[in-house]
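Input: a single structure, listed below in structure tokens.
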Amino acid sequence: MSNPFDDDSTEFLALRNGEEQYSLWPVGITVPDGWRVVHGPAPRREVIDHIDRVWTDMRPKSLRDAGPVPGRAGAGPDPAPSTGSRA
């Protein structure tokens, strides 16, 4: 059986958990506890594009809320949003 997460012919959902982390999720597979649908159903590429636009800081919410970005001077979080690129 092929991997349903790689199937471009099916529709997908964007899920988000309480730590504001995102996941691409195939329609038809039960959404796991602790996650909720925030986009879709839609074609795989559209859902990936949505996640890329909205998930600009990969750190969990609890870590973002804890203080400044590691390696940066200053007392607050990074004021400049990321481009969302994970390359």
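The values are calculated or read from the model by the stated rules, or taken from the named source; none is laboratory data. From a predicted model like this one, the values you see are computed outputs, not experimental measurements. Don't worry about glycine lacking a Cβ; one is built from the backbone with ideal geometry, like all the others, and counts go over all protein chains shown. The protein model used for the area step is the full one, side chains on, heavy atoms only, and it has no ligands, DNA or RNA in it. Shrake-Rupley method; radii C 1.70, N 1.55, O 1.52, S 1.80 Å.
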5 angstrom amide H check on Phe12, placed H, neighbours 5+ away
Val27, Ala42, Arg44
Once Lys and Arg are counted +1 and Asp and Glu -1 for all other residues with Cβ under 12 Å from that of Pro4, the total becomes -3
Using heavy-atom solvent-accessible surface (probe 1.4 Å) with all chains present, what is the largest-first order of Ser23, Ser62, Ser9?
Ser9, Ser62, Ser23
First select every other residue whose beta carbon is under 10 angstrom from the beta carbon of Asn17; then total the charges, Lys and Arg +1, Asp and Glu -1.
0
Pop out the ³J(HN,Hα) list for the stretch 35-46 in order, Karplus 6.51 cos²θ - 1.76 cosθ + 1.60 with θ = phi - 60°, rounded to Hz; leave Gly and Pro as x.
10, 9, 6, 10, 6, x, x, 7, x, 3, 4, 4
Put Leu13, Leu63 in order of accessible area, largest first, probe 1.4 Å, and you get Leu63, Leu13
Quick one: 3J(HN,Hα) in Hz for the stretch 15-24, Karplus 6.51/-1.76/1.60 with θ = phi - 60°, rounded, Gly and Pro as x.
10, 9, 9, x, 8, 6, 9, 10, 8, 7
